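The values are calculated or read from the model by the stated rules, or taken from the named source; none is laboratory data. Please read all numbers here as calculations on a predicted model, not as lab measurements. So basically every Cβ, Gly included, is an ideal-geometry build from the backbone, and we count neighbours across all protein chains shown.
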Amino acid sequence: MNYLIKLSIFCLGDSITYGVGTTKGSYPDYIRKEFTKPNKFPMFDIVDVFNLGIPGNTSHDLASRILEEVKNRLYSYDTTLSQCFFIIMIGNNDYRLAINKDSYKENLIIIMQRLKSILPPVRCNILFINPIPDYSKDKSRCFYDLAEYKDVLQRVTTMYNVNLIDIPLKEDCYTEDGIHPNDKGTEMIAFYVKRYMEDKILGRIVINEQVKKEN
């Protein structure tokens with residue numbers, strides 16, 4: 001029986017992942033366009049990119065839906081040599097809405113546990129993106145320092161030995177609301193995710209797939 005080699009990229013998060021504030025598409029759209037170019041990654045027969053961002057979501061919301069979101073898409077093909085990537089950007093609403101930092105940590109742990117429960121570790125590549133700064137004029141709902149939430153995420157990703165990157169977005173990378181990235185900011189997020197995956201993750205997959213074919 002011939003099996004297909006599939007690359008699945010799941011982009012999970014809130015309105016920033018969804019693409020609120022952009023006119024040219026969300027950062028998952030940029031990733032999809034780049035990673036599905038002909039002959040970009042010839043070792044894969046199928047490349048799927050899923051935008052699973054929901055505006056307004058907090059870490060609790062994502063923890064509640066992640067199993068259903070992933071399961072329904074993960075096994076949509078009869079494949080055994082699949083590679084799965086999870087790009088998770090969650091916490092922007094947590095710190096803006098004063099979600100307790102301990103609750104944020106607990107939700108992140110639940111997200112990790114639920115992913116680990118359905119994915120073999122050797123096929124599960126997880127990349128978290130830090131929450132981004134709030135440049136809105138109304139700071140009345142920003143009760144906590146963003147750095148404190150970044151610290152929580154840093155500790156959880158270290159605990160589970162998964163990847164974490166920070167996107168250095170400046171004020172000119174945002175729409176007028178100061179919360180959602182504009183096209184420039186969205187392109188920057190896509191650039192960092194793409195570069196990281198190619199340099200740090202996809203490079204290893206290329207080697208692994210070559211070894212499989214040689215054997």
Any chance you could count how many residues in the range 153-178 are under 16 Å from Ala190 (Cα atoms) and of a type in the set (A, V, I, L, M)?
4
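Please work out if Asp14 is without any contact (Cβ under 8 Å) to a residue 24 or more places away in the chain, out of contact with any Lys or Arg (no Cβ under 8 Å at 6 or more places or on another chain) and at negative phi. Spell out the reasoning first.
Details: without any contact (Cβ under 8 Å) to a residue 24 or more places away in the chain: no; out of contact with any Lys or Arg (no Cβ under 8 Å at 6 or more places or on another chain): yes; at negative phi: yes.
Here the answer is no, as Asp14 does not meet what is asked.
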Looking at Asp78 and the list (1) acidic (Asp, Glu); (2) assigned to a loop (DSSP other than H, G, I, E, B); (3) at pLDDT 95 or above, which single condition is not satisfied?
(3)
Please go through the range 170-187 and give me each residue that is under 18 Å from Ile87 (Cα atoms) and surrounded by fewer than 19 Cβ atoms within 10 Å (Cβ to Cβ), ordered by number.
Glu187
How many of the residues in the range 23-39 are exposed (fewer than 15 other Cβ atoms within 10 Å of the Cβ) and out of contact with any helix residue (DSSP H, G or I) (no Cβ under 7 Å at 6 or more places or on another chain)?
4
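Looking only at residues that are under 15 Å from Phe10 (Cβ atoms) and surrounded by 21 or more Cβ atoms within 10 Å (Cβ to Cβ) in the range 56-75, which one is modelled with the lowest pLDDT? Break it down into steps so the answer makes sense when it comes.
Initially, the range 56-75 is screened for residues under 15 Å from Phe10 (Cβ atoms), giving 57, 62-63, 65-75.
Filter again for surrounded by 21 or more Cβ atoms within 10 Å (Cβ to Cβ), leaving 57, 62, 66, 70.
Details: Asn57: 98, Leu62: 98, Ile66: 95, Val70: 89.
Taking the candidates together, the pick is Val70.
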Residue by residue through the range 86-107, note down the ones that are without any contact (Cβ under 8 Å) to a residue 24 or more places away in the chain and not in a helix (DSSP H, G or I).
Asn100
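Which residue is surrounded by the fewest Cβ atoms within 10 Å (Cβ to Cβ), if the candidates are limited to the range 92-106 and must be among the hydrophobic types (A, V, I, L, M, F, W, C) and more than 9 Å from Ser59 (Cβ to Cβ)?
To start, the set of residues in the range 92-106 that are among the hydrophobic types (A, V, I, L, M, F, W, C) comprises 97-99.
Next, only the ones that are more than 9 Å from Ser59 (Cβ to Cβ) stay: 97-98.
Working: Leu97: 13, Ala98: 11.
Checked the range 92-106; the qualifying residue surrounded by the fewest Cβ atoms within 10 Å (Cβ to Cβ) is Ala98.
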